[in-house]
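This report concerns only the one structure given below.
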Amino acid sequence: MKIKRIVLLLGIAVLVLGGGIRAWNLIIGTYGQAVFSDQDPVYQAVMKRDLLCLMLAYPGYIKNVEKSADGKVSVIMQSGKKILYDDKKEKNSWQKSGNPDLQDMMDQIYPIADIKELLPNNFNPGCARVYPLLNEVYGKNKGQILSNLAKVSIGYKFVEFNSNNRASEALRSVMKELLPLARQNYKIYNAAFPSSGTFNYRIIGGTNRLSSHAYGISIDLHDNKYDYWRWSTREQGQKRLNAYPREIVRIFEKYGFIWGGKWGNFDIMHFEYRPELILKARCFSKEPVSGLPWYDGLQDNKEAWKYIWLIEESLSKTPVS
């Protein structure tokens with residue numbers, strides 16, 4: 001509780017000093033979840049938004065949601081596996097990356113608008129990855145992942161990318177738009193090609209966690225010595241960010257990829273297929289407003305309505321013992 005009070009005071013100070021809601025979100029994540037109980041209407045609205053984005057992003061893999069007798073909410077995968085939304089544990093930024101629940105994964109809203117400056121070190125939307133979810137969608141081990149890989153042409157060669165959840169299809173769509181631009185603009189070509197790699201079954205440096213490349217859902221474009229936070233200073237990273245062609249970023253985001261250039265621990269050559277984060281950024285970047293439905297802000301999406309009703313119905317049922 002002491003941590004929550006400190007965070008609340010920091011947030012109030014930021015707002016008073018003119019930092020605004022966006023700065024507040026950078027300190028505590030999405031909509032101040034750190035200071036709300038699970039009975040708070042804001043918490044409830046954000047949870048439902050997160051669940052909706054997950055169900056829309058992984059339609060062939062998440063079939064339902066469930067509320068247990070102790071009030072904990074889980075998504076139910078097609079396999080029957082349950083993945084907890086909120087484990088109710090207070091965590092710092094490192095703990096959220098190392099052992100996240102679905103709430104932690106969805107907490108920091110990916111900035112869909114362009115950025116001019118590197119983001120704070122502790123702001124890394126997408127770096128918290130829930131591995132039970134990735135395992136269910138893309139493969140539980142190296143053998144399963146290998147069997148799911150498909151060849152994708154990136155102009156001068158083929159690369160391997162996971163075919164599940166339309167990931168490889170998304171990369172093909174990116175390349176269909178990116179390649180003509182690259183042929184016309186040498187700055188775009190030099191930033192994008194040759195690619196530094198896609199599938200690579202490896203762990204993240206300095207951790208024991210699998211890289212998103214291990215699942216075949218990330219691509220590193222042409223690398224530069226100033227692309228990665230471990231390789232360069234923030235000043236060098238800022239210069240690289242300034243020069244990076246935003247046409248590349250916009251095309252990747254259009255098809256469900258997040259950009260490592262929008263991480264405080266920047267990885268400017270890195271693009272990762274995370275449709276749930278792009279959906280939340282596009283539809284629910286603003287905090288819930290009292291008196292409006294929790295799904296206010298949802299773009300015209302007929303598919304979403306069946307999930308909205310499913311979420312409402314499932315969470316209003318008698319909890320499962």
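All of the numbers you see were taken from the coordinates with simple rules; none came from a lab. As the structure is a prediction and not an experimental result, all values here were calculated from the model. Virtual Cβ from ideal backbone geometry, glycine too; neighbours counted across all protein chains shown.
Tell me the net charge near residue 167. Cut-off is 12 Å between Cβ atoms, residue 167 excluded, with +1 for each Lys or Arg and -1 for each Asp or Glu. Can you show the working numbers first?
Working: positive: 166, 172, 274; negative: 160, 169, 272.
Here the count lands on 0.
Note the count of lysine pairs whose C-alpha atoms are less than 17 angstrom apart in region 200-293, limited to pairs 8 or more residues apart or on different chains. Walk me through the numbers before you get to the answer.
Working: 225/239; 239/262; 254/262; 254/280; 262/280.
Counting lysine pairs in region 200-293 gives 5.
At a 10 Å Cβ-Cβ cut-off, how would you order 168, 218, fewest neighbours first?
Details: 168 23, 218 26.
Result, fewest neighbours first: 168, 218.
In what sequence, highest mean first, do 274-281, 146-153 appear when ranked by Cβ atoms within 10 angstrom? Spell out each step's value before the answer.
Values: 274-281: 22.9, 146-153: 16.0.
Averaged packing, sorted descending, gives the order 274-281, 146-153.
At what distance in nm do the modelled label points of residue 305 and residue 94 sit from each other, each positioned 7 Å from its Cα along Cα→Cβ?
4.9 nm
Give the order of 222, 213 when sorted by the count of other beta carbons within 10 angstrom, beginning with the fewest. Could the numbers behind the result be given before it?
Details: 222 14, 213 20.
Listing 222, 213 from fewest to most nearby Cβ atoms yields 222, 213.
Starting from the 7 Å offset along Cα-to-Cβ, what nm value, one decimal, do you get for the label separation of residue 313 and residue 176?
Distance between label points: 3.4 nm.
Mind pulling the per residue volume of the convex hull built on the Cα atoms of region 131-273? Å³ is fine.
Working: hull volume 14.4 nm³, N = 143.
It is 100 Å³ per residue.
Taking region 85-125 as the region of interest, what is the percent of Cα-Cα pairs per 5 angstrom bin, listed from the shortest bin to the one with the maximum distance?
With a bin width of 5 Å, the distribution comes to 5, 21, 31, 19, 12, 9, 3, 0.
May I ask you to compute the full-extension gain from residue 209 to residue 140, defined as 0.36 nm times their residue separation minus their alpha-carbon distance, rounded to one decimal in nm?
Values: separation 69, 0.36 × 69 = 24.84 nm, distance 1.36 nm.
Contour length minus Cα-Cα distance gives 23.5 nm.
In Å, what Rg and Dmax follow from the Cα atoms of the chain?
Answer for the chain, Rg first and Dmax second: 19.6, 61 Å.
Where does the chain land at 222 nm, in deg cm²/dmol rounded to the nearest 500, when only DSSP H runs of n ≥ 4 count, each adding -39500 (n - 2.57), divided by all residues? Don't skip to the end; give the middle numbers.
Values: 13 runs with 136 residues, N = 321.
Computed mean residue ellipticity for the chain: -12500 deg cm²/dmol.
Fewest to most neighbouring Cβ within 10 Å: what's the order for 250, 129?
In order of increasing Cβ crowding within 10 Å: 250, 129.
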